[in-house]
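Report on one structure; see the data block that follows.
Read-outs throughout are calculated quantities, based only on the coordinates presented, and are distinct from any laboratory measurement. Values in this document were obtained by computation on a predicted structure and should not be read as measured data. Neighbour counts are summed over all protein chains in view; Cβ atoms, including those assigned to glycine, are modelled from backbone coordinates with ideal geometry.
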Amino acid sequence: MTDPEAPTGAPAGSLTDVPGVRVGHATRTGDGWLTGVTVVLPPPGTVGGVDVRGGGPGTHETDALDPRTLVPTVDAVVLTGGSAFGLVGAHGAQRWLAERGRGFPVSAVPGEVVPIVPAAAVFDLGRGGAFGHHPTAEMGYEAAAAADASGDGAPVPRGTVGAGTGAALAGAAYKGGVGTAAVRLDDVGVVVGALVVVNAAGAPVGLGAPVSPPGGPLAPAGGARVTPLNTTLVVVATDAALDPAETSRTATAAHDGLARALDPVHTLADGDTVFALATGAAELPADRPGRVAALVAVQAAAATAVRAAVEDAVRSATGVRTAAVHLPPWC
């Protein structure tokens, strides 16, 4: 089910400001559940890249995004709760795509395709109270269908939804969640958007004293010390026409936004991962100096959008009524 208390209005910008990019969530709360799946659905032909910086990543199909590999395009990106268990959500999104013939064609027979669906997970196991309640393949299917049904340019639900449902930051001093933002580069003629799932070991920079949501305190009863197992996930998208190497480099640059917004970041207890998508709708200058200048602008905007999206996630999550996060001693 989708949390009816989640905000639906996007801030000044969102990932869906990039034409053709859609976002859908599947959210589970109550009866031991506090987790979910988020699917980013780009238009066909979108080029993908990735950069993994955290010391404890939980990922699926990231090797397929290496610029040296066969397939340059991505059919969907799955962000999920549930740690490594939740990566099964990618199978559900893949099934949704395959049923519609979307994917890399592997024969001359129409519909015989293999959808390319990279995925990454945050650690939220047990935060709803039941360790075994983690995302399923069906939730990945549901989130992909929700993304498709949302339509182009739709507001992105944010806060405690989808993969951000059970997120927490800084040893549970803050509630985490989903945030989004975008930067328009009028001089270049492109849009750069970011969507984040903030579940970091670090604390947000410059947002004041820690706060707890109205639903209850995030710290475990008695103030027991917990070992943070976390991760921040990011999808950056642009309508610029980038090749696979340029797209991967954009993912690398976008990590700077995490470093500006969270302290510390890229720790051994995080699995920080940035996916980058380039839809190719807007051509960059053909001359080398002009193209380099445009690429620098796009990549700088990626970092700016990520920082703004992290701030949006923290503010959105702390202002939403939600179930208290349960943090057992092993969390």
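Details
- Residue by residue, segment 39-51 carries 3J(HN,Hα) couplings of 10, 9, 10, x, x, x, x, 6, 7, x, x, 7, 9 Hz when phi is fed to the Karplus relation 6.51 cos²θ - 1.76 cosθ + 1.60 (θ = phi - 60°); x denotes Gly or Pro.
- Within the shell defined by Cβ-Cβ distances under 12 Å, the residues around residue 190 carry a net charge of -4, with Lys and Arg each +1 and Asp and Glu each -1.
- On the beta carbon distance between residue 287 and residue 68, with R0 = 25 Å, the FRET formula returns roughly 0.40.
- Mean residue ellipticity, 222 nm, helices only, the chain: the sum of -39500 (n - 2.57) across DSSP H runs of n ≥ 4, divided by residue count and rounded to 500, is -7500 deg cm²/dmol.
- Its relative contact order, with pairs defined as Cα atoms under 8 Å and 6+ residues apart, puts segment 35-75 at 55 percent.
- Amide H within-cut-off set for residue 114, under 5 Å, with H built and near neighbours excluded: 104, 106
- For the chain, the longest principal axis of the alpha carbon atoms and the long axis of helix 288-318 meet at an angle near 20°.
- Cα long-axis angle, helix 89-99 against the chain (0 to 90 degrees, to the nearest 10): 40
- 10 Å Cβ shell holding at most 15 others, DSSP loop, trypsin sites (Lys or Arg not before Pro): longest site-free stretch of the chain: 101-224
- Placed amide H near residue 267: partners under 5 Å, 5+ positions off or other chain: 55
- Residues in segment 121-136 that a label on residue 95 would reach, taking backbone N under 18 Å of a point 7 Å out along Cα→Cβ: 134-136
- Rounded to 5, percent antiparallel among DSSP beta bridges of the chain: 80
- Net charge dipole size for the chain [Lys, Arg +1 and Asp, Glu -1 on Cβ; Debye, nearest 20]: 640
- Ranking of 266, 133 by count of other Cβ atoms within 10 Å, fewest first: 266, 133
- Nearest 10 degrees, 0 to 90: helix 137-150 Cα axis against the chain principal axis: 60
- Computed over the chain: relative contact order in percent, which uses C-alpha pairs under 8 Å that are six or more apart: 26
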